[in-house]
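Here's the structure, in structure tokens; my notes come after.
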Amino acid sequence: MARLVGVFASSHAPLMARAWESVDASRRERISRTFAELGRRFSESRPDIALVVSPDHWVNFFLDNLPSFCIGVGETHDGPPEPWLKGVPYGSIKGHPGFALHLVATAFDGGFDPSLSHHLELDHGFIIPLWKMAIDPLPALVPLIVGTIEPPMPSARRCIAWGRMIRAAIESYPEDSRVAVLATGGLSHSIGEHDMGRIDEAFDRECIEHFRSGDPEALLAFLDRRMESAGNGAAEVRNWLVAHGAARARGFDLIGYHPYPEWYVGCGFAAWGDHDSGAEATASTPAA
Ligand SMILES: [Fe+2]
């Protein structure tokens with residue numbers, strides 16, 4: 001049977017790629033250490049398959065067709081399509097149709113109704129974290145797109161339920177595969193709104209504490225009260241909720257938090273300890 005060997009989360013601020021040097025050297029060094037630590041933990045989990053949970057930033061879908069959840073079941077995916085990400089060393093990315101279709105079947109059996117795609121383009125939400133974490137070679141990648149860009153969006157509670165279902169899908173997959181979950185996006189940011197560029201540090205820090213607490217109800221109540229006021233990008237915390245559900249809401253370990261106004265995003269990075277690697281992710285001094 002397959003095993004869940006790691007659960008991770010990373011912000012994916014596009015300006016990390018487009019305007020890396022807009023941040024001073026010492027803070028670049030700090031976030032580089034965070035990425036290195038996240039990459040180290042990810043690599044040490046030795047996944048055969050990475051289930052990456054991210055939004056679609058208007059690349060595959062638009063208002064005429066906007067799935068709430070879409071699983072990429074293709075043999076390969078392409079990406080990234082954004083011109084300003086040219087030079088990022090990914091073109092064709094290997095998928096894993098066997099596990100992806102098993103996830104679809106598990107979802108349908110469990111009362112979830114995702115859409116599916118045999119060919120997806122993976123944008124910066126998928127690619128920036130893997131690139132900055134220096135994951136090379138990439139494991140087979142199964143994308144899960146969660147509708148976290150345009151309202152109405154899936155409920156926060158539903159996203160945690162998705163995570164629990166994903167764990168069941170991994171643990172019932174008959175192949176002897178190691179599967180890691182990587183959620184991307186968030187924390188607070190505001191894009192194209194009147195307060196574009198605002199980072200809500202108070203939201204981010206309280207959000208992190210709720211993830212740490214392991215109490216999903218308190219986390220959900222907090223997000224119900226505060227997520228909408230933390231900028232439209234904070235909606236991507238839903239992807240972290242999928243990871244949180246997969247980790248049974250246990251073992252959250254903040255690796256770094258970097259609220260860099262030059263990049264518009266309260267950048268957060270985390271790993272959960274509740275998985276089956278045989279060597280739990282250990283808490284270490286946060287990189288920032
Ligand atoms: Fe995003």
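The values are calculated or read from the model by the stated rules, or taken from the named source; none is laboratory data. Being a predicted model, the structure only gives us computed values, none of them experimental. Reconstructed Cβ throughout: ideal geometry from the backbone, glycine too, with neighbour counts over all protein chains shown. Surface areas here come from the heavy atoms of the whole protein model, side chains and all, with no ligands, DNA or RNA. Shrake-Rupley method; radii C 1.70, N 1.55, O 1.52, S 1.80 Å.
Residues in the stretch 231-277 that are assigned to a strand (DSSP E or B), open to solvent by 10 Å² or more (accessible area, probe 1.4 Å) and in contact with a Pro (Cβ under 8 Å, 6 or more places away or on another chain): L254, Y257. Tell me yes or no: at least one residue of the stretch 33-46 is on the phi < 0 side of the Ramachandran plot, within 16 Å of the ligand (Cβ to nearest atom) and open to solvent by less than 40 Å² (accessible area, probe 1.4 Å). No, every residue in the stretch 33-46 fails to be on the phi < 0 side of the Ramachandran plot, within 16 Å of the ligand (Cβ to nearest atom) and open to solvent by less than 40 Å² (accessible area, probe 1.4 Å). A count restricted to the stretch 157-202 and to residues that are within 16 Å of the ligand (Cβ to nearest atom), open to solvent by less than 10 Å² (accessible area, probe 1.4 Å) and out of contact with any strand residue (DSSP E or B) (no Cβ under 6 Å at 6 or more places or on another chain) stands at 4. Within the stretch 68-90, restricting attention to residues that are at pLDDT 95 or above and out of contact with any Leu (no Cβ under 9 Å at 6 or more places or on another chain), the residue that is most open to solvent (accessible area, probe 1.4 Å) is E75. Residues in the stretch 91-120 that are open to solvent by less than 50 Å² (accessible area, probe 1.4 Å), closer than 19 Å to W58 by Cβ and part of a loop (DSSP other than H, G, I, E, B): L120 alone.
If only residues of the stretch 14-32 that are part of a loop (DSSP other than H, G, I, E, B) and modelled with pLDDT of 95 or more are counted, the one that is farthest from the ligand (Cβ to nearest atom) is D24. For E217, the criteria (1) farther than 30 Å from A105 by Cα; (2) without any contact (Cβ under 8 Å) to a residue 12 or more places away in the chain; (3) charged (D, E, K, R) hold in every case but one, which is (1).
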